[in-house]
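I have placed the structure first, in the form of C-alpha cells, so that the comments after it can refer back to it.
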C-alpha cells in the first residue's frame with residue numbers, strides 16, 4: 001500500500017469522535033474520515049443505500065495497493081483523491097517545482113515550455129500568461145534550462 005505521507009491524517013481527537021458512533025477512523029486521512037462519517041449518516045440516519053466504487057476506480061486503487069471494493073463510493077472517491085494529491089506532492093519534490101521554473105505539461109501535445117507562476121496546496125501548478133493555464137503537478141516535468 002502506498003503510504004500517504006503528504007496527506008493530513010486524523011488526530012486522536014478525531015479518532016475518538018468516530019469511535020462514539022462506532023466508526024473506526026484509525027490511520028485514515030482527514031478526507032477519508034469525513035467521507036466515512038458522511039456515508040454513515042447517509043446510511044444509518046437517512047436510510048440511503050450506499051453506492052460502491054466503479055470497477056475502474058477499484059482497479060486504479062489496487063494499482064497503488066488500496067482495496068476500495070467494499071467501501072462506499074464516497075470513501076473510494078476520497079481515497080483516490082488522496083492518492084492523486086500524494087502523487088502531485090511527490091512530483092513537486094522530485095521535479096523541484098517552484099515559482100519561476102520552466103516546465104512542460106506532459107498532456108499538452110504542443111509541448112510548449114511554460115513557466116510556473118504558483119502552486120496550490122493541492123498540487124495544481126499554474127502557469128504564467130494567464131488564461132487559467134494549469135496542470136496537476138504529476139503531469140508536469142521540469143526541463144533543463146538552456147545555457
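The values are calculated or read from the model by the stated rules, or taken from the named source; none is laboratory data. Since this is a predicted model, take the numbers as computed values, not measurements. Here the Cβ positions follow ideal geometry from the backbone for every residue, glycine too, while neighbour counts run over all protein chains shown.
Is it the case that residue 33 is under 19 Å from residue 15 (Cα atoms), free of Cβ contacts under 8 Å to residues at least 40 places away in the same chain and either surrounded by 18 or more Cβ atoms within 10 Å (Cβ to Cβ) or over 14 Å from the mean Cα position of the chain (by Cα) (or both)? For residue 33, the condition - under 19 Å from residue 15 (Cα atoms), free of Cβ contacts under 8 Å to residues at least 40 places away in the same chain and either surrounded by 18 or more Cβ atoms within 10 Å (Cβ to Cβ) or over 14 Å from the mean Cα position of the chain (by Cα) (or both) - is met.
The single residue among 118, 122 that is touching a residue at least 12 places away in the same chain (Cβ under 8 Å) and part of a loop (DSSP other than H, G, I, E, B) turns out to be 122. Could you pull out the residue among 25, 50, 60 that is part of a loop (DSSP other than H, G, I, E, B), surrounded by 17 or more Cβ atoms within 10 Å (Cβ to Cβ), out of contact with any strand residue (DSSP E or B) (no Cβ under 7 Å at 6 or more places or on another chain) and touching a residue at least 12 places away in the same chain (Cβ under 8 Å)? Only one candidate passes the filter, namely 25.
Does residue 32 count as in the same structural domain as residue 124 (by TED's automatic domain parsing) and either in contact with a strand residue (DSSP E or B) (Cβ under 7 Å, 6 or more places away or on another chain) or over 24 Å from residue 126 (Cβ atoms) (or both)? The answer is no for residue 32. Residues that are without any contact (Cβ under 8 Å) to a residue 24 or more places away in the chain, touching a strand residue (DSSP E or B) at 6+ places or on another chain (Cβ under 7 Å) and in a loop (DSSP other than H, G, I, E, B): does the range 75-97 have at least one? Checked against the condition, which is being without any contact (Cβ under 8 Å) to a residue 24 or more places away in the chain, touching a strand residue (DSSP E or B) at 6+ places or on another chain (Cβ under 7 Å) and in a loop (DSSP other than H, G, I, E, B), the range 75-97 yields no hits at all.
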